[in-house]
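Just below is one structure, and these are the notes that go with it.
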Amino acid sequence: MSTTVSAINPASFGGDAVPMKMWGIDSRFIAPILITLILLVGQLSFGILESYPQTLTAIGVCILAEIILSYAVVGKFPHLASAYISGISAGILIRSPEFWPFALCAAVAICSKYVLRLEGRHLWNPTNFAVSFMLFAAPFSVASLSIQWGNNIYAMMVIWLLGSIIVYRLKRFHITATYVAAFVAFAFFRSVWTGDSFLAEVAPITGPMYQLFIFFMITDPKTTIRHSKAAQIIVVLAIAGVEAILRLMENVHAPYYALFLVGPIANLIDIYWLSKKKTGSELATTA
Amino acid sequence: MNKLGRIFAAVLFVALLSVPFWLRGSYRVSEIRVDSSAALERYGFFLSEVAGESGVEFKHTSPRLDQKLDHIMPIIASMGAGASVVDFDRDGWNDLYFTNSGEGSKNALYRNNGDGTFTDVAAELGIADLNSRENGVSMGAVWGDFDNDGFEDLLVYKWGRTELFKNNGGKSFTRVEDTGFPAWANINTAIWLDFDRDGVLDLFLGGYFHEDLDLWNLPNTLMMPESFEYARNGGRKYLLRGLGNGKFEDVTTAAGIDTNRWALAAGSADFDGNGFPDIFIANDYAVSELFLNQDGKRFVAAGESSGVGFSPKSGMNASFGDVLNDGRLSIYVSNISEEGILLQGNNLWVPRTNSSEGLKYDNQALNFGVERGGWSWAAQFGDLNNDGNQDLFLTNGYISADKAANYWYDYSKVTVGHNTIIGDAANWPSMEGRSLAGFQQKRVWLNDGAGRFNDAALAVGVSETFDGRAVAFADLWNRGVLDVIVANQNGPALIYKNNPAPGKNWIAFELEGSLSNRSAIGASVTLFWDGKRQRQEMTGGIGFCSQNQRRLHFGLGTSGSVEKAEIVWPSGKKTIIESPGVGQIHKIKEQ
């Protein structure tokens, strides 16, 4: 869930540019502010965190890893908004009674950005990669956030409203909206397929895990494709589709694994496509 | 890009990814199996399951509730296997009472014949046939001498009509009418206590489902918790002040115990040292609650301020133990742990020493090694190998059905939903014979005395995987050891006879109140020996749907003497016994 402003302006390739400022605030700080708000609302209202020290561990390790790896690999001090978001997301999304999973998840997330990259872009959303890895490799000590916002619908509404406004301003609302619509549609199909109630199928999206997923993971400018808005919609539909299949296979971690599977494939195609376009454009200029 | 830097990042990345694979082995449940002689040498005891050969052939059955719940009946009708220990006829031998829950099923009172066998006398004494659709079904039972006549009376709490039976000299029981109990409530926990210290036992009843619900005649399916972790639509609580004549006065509101969380277990002890018994409640779908007794009239909620009531889990057990032999009671709450899906972890709330902020607890379950017990139910503290340290026996397992299919995905799907979804049973996917946290390995955690518990269940002979609910400790053969009684949902009752290694000493105390209630519920004994100090409480029900023997049993290790025993009676009086003899049961009457 790193949300740094893209080095390449997607607008030049048909996508929407992320505005540099929002309400007079550097847009790189908008996502950290929102995720902090989610954390505070969740924790102060319902105590959603495993504990403050564990979440702080995740944030601290993310920031430390970002600084070390940025110096080692790029040779400069990084902007820390992305690491902060990764840390806070890991701190919320994984559940463990111990400390080491938070530290490891945070370190894997940041490290993946510097190792799993192509053409200057990382292929997986860092937090998605790390959370998926932890759920797959360390189930003995890690589970995912699987609680709800309690009975107070207003807390949930505030997050949905603020989140929607912010992703709209960040020109990513179409991704979120498409995913939600697709989830609901697939929930209906699953309900027909399994015979379970539609509300049971739609239930997961009312939980806080999905709010982080739809506002931070799938909209991450660094790891969403840049080709065009239509292509982004196709990718998010693919994520929702794979998730629906995984859900029919009764996979508890379906959304994480769906993004883990679809995200890098989409990015590889995107990188290939953009590189072809760039080459074509250079050839045309040379000619 | 710095090439060396990239190599460094790649190496670091691979190293990080390898970490879980290195750690995996240390999380496996102990699979050490040894023969009995090796167990004696290594652990100081082993357990033999002897229910059948002792004549205890009790098998629990679940009720069949409203057919609107048929699709998830195993989840709803998932409790009711209770076990309590009592010497109902005062012959000096511990007897056993098991609750059943199927409509028409019978509860059982196994009289201890003193020769290693038991005989079910519940039917002839009139306390067997208590489960029916019209009057409700049993969830558990606790014994206490409400009329101070010297014989323990029986309270059977139910989803339905909770009932009290007066013990007529150990020869028969009479149902007590007009008790002042609720006409109908879905009670899942009950404890005897004397909260006002007037020498007459009082009762605390904890509701699970809302008391308006008749689970056999539901108007609709809106009866589930409104949240998996923040539910407040459960049953109310009842603090009933005993009047000594079989009548009770509802003082819940006046006492300030106003809560509708889904209570599964309660226990009482004087946690803050003011002389009045406090109440701890382990709630399902919510935080635990601690009510501190101010003056025998008012209780103050201290769950959040003490630290035990902030992080919501699925509390199913509350038991107390002096795990460090320093005279302080820790509280053990069992929850749910399922790999990769739900890792709540059990809680061991250890009180802080010298806290300047009043009563404060820290969860030390992970550090002490008693955090993961699967879908945990009852747990009891007791010194199983008489080495002087309190061990912990935990039973677990929710629904064992089809081994090849489990309900976890559907369970995790619906339980994250908003209250309009989770709260309606109609939205819960059909179980269709699937298991949910079934076939689980029990835990026998042995306390090393240095703040660490090690699981030795398989090694000491506990290998069954029934869906355990209640656990009680008692010296069933009067040998100076603790035997273990387990009640299983839809399964047989088990009796683990303890076979201790020679060379360890013990001492036990049986208390009888005079100014205090005659059962001496609420009394504490602190034993001083060999530089150690261990406190035990006389409880009127502890764990989950369980009650231990009245006798307080202390292992002494190899120590051949005891410095003193300090008894604090519920009345406030103190009795100090200097150098009590070891290897014997001391019968102490309040003077």
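The values are calculated or read from the model by the stated rules, or taken from the named source; none is laboratory data. Remember, it's a predicted structure, so these values are computed and weren't measured experimentally. Note that we place each Cβ from the backbone using ideal geometry, even for glycine, and neighbour counts take in every protein chain shown.
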The condition from (1) buried (at least 21 other Cβ atoms within 10 Å of the Cβ); (2) at pLDDT 85 or above; (3) under 30 Å from A:Ile165 (Cβ atoms); (4) more than 14 Å from chain B (Cβ to nearest Cβ) that A:Leu93 misses is numbered (4)
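Listed here are the residues, each with its yes/no results for (1) touching a His at 6+ places or on another chain (Cβ under 6 Å); (2) touching a residue at least 60 places away in the same chain (Cβ under 8 Å); (3) within 27 Å of B:Ser84 (Cα to Cα); (4) away from chain A (no Cβ under 13 Å).
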position	(1), (2), (3), (4)
B:Asn346	no, no, yes, no
B:Thr353	no, no, no, yes
B:Leu359	no, yes, no, yes
B:Asn363	no, no, no, no
B:Asn367	no, yes, no, no
B:Ala379	no, yes, yes, yes
B:Asn385	no, yes, yes, yes
B:Asn389	no, yes, yes, yes
B:Lys403	no, no, no, yes
The strands (runs of 3 or more DSSP E) lying entirely within region B:303-384 that contain at least 1 residues which are farther than 23 Å from B:Glu229 by Cβ and in contact with a Leu (Cβ under 8 Å, 6 or more places away or on another chain) are B:317-321, B:330-334, B:347-351, B:376-382
Out of B:Gly5, B:Gly25, B:Gly55, report the one residue that is free of Cβ contacts under 8 Å to residues at least 24 places away in the same chain and either away from every other protein chain (no Cβ under 14 Å) or within 30 Å of A:Pro78 (Cβ to Cβ) (or both). B:Gly5
Scan of region A:228-258 for residues that are under 25 Å from A:Arg28 (Cβ atoms) and surrounded by fewer than 21 Cβ atoms within 10 Å (Cβ to Cβ), ordered by number: A:Ser228, A:Lys229, A:Ala231, A:Ile233
Being part of a strand (DSSP E or B), modelled with pLDDT of 95 or more and of a type in the set (Phe, Trp, Tyr), is that true of even one residue in region B:210-222? no
Flagged in region A:96-123 as surrounded by fewer than 24 Cβ atoms within 10 Å (Cβ to Cβ), within 21 Å of A:Thr223 (Cβ to Cβ) and not aliphatic (A, V, I, L, M), in numbering order, are A:Arg117, A:Glu119, A:Gly120, A:Arg121, A:His122
Filter region A:241-257 for residues that are of a type in the set (Val, Ile, Thr) and more than 10 Å from every other protein chain (Cβ to nearest Cβ) and give the result. A:Val242, A:Ile245
Cβ-Cβ under 9 Å, sequence separation 6+ or interchain: first residue in region A:220-240 and closer than 15 Å to A:Ile265 by Cα, partner modelled with pLDDT of 85 or more and of a type in the set (Asp, Glu). Which pairs? A:Thr224/A:Asp270; A:Ile225/A:Asp270; A:Arg226/A:Asp270; A:His227/A:Asp270; A:Ala231/A:Asp270; A:Val235/A:Asp270
Of the residues in region B:557-591, those that are closer than 25 Å to B:Val200 by Cα and not in a strand (DSSP E or B) come to B:Trp569, B:Pro570, B:Ser571, B:Gly572, B:Lys573, B:Glu590, B:Gln591
Per-region count, region B:183-217, residues more than 23 Å from B:Gly296 (Cβ to Cβ) and either in contact (Cβ under 8 Å) with a residue 60 or more places away in the chain or surrounded by fewer than 24 Cβ atoms within 10 Å (Cβ to Cβ) (or both): 13
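Out of B:Ser319, B:Ser305, I need the residue that is buried (at least 22 other Cβ atoms within 10 Å of the Cβ) and not aromatic (Phe, Trp, Tyr). Which one? Explain how you work it out, then say what you get.
On the way: B:Ser305 fails: buried (at least 22 other Cβ atoms within 10 Å of the Cβ).
Only one candidate passes the filter, namely B:Ser319.
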Kindly evaluate B:Phe554 against the criterion of being closer than 18 Å to B:Val481 by Cα and part of a strand (DSSP E or B). yes
When region B:261-302 is examined, which residues are found to be within 25 Å of B:Ala141 (Cβ to Cβ), without any contact (Cβ under 8 Å) to a residue 40 or more places away in the chain and assigned to a loop (DSSP other than H, G, I, E, B)? B:Arg261
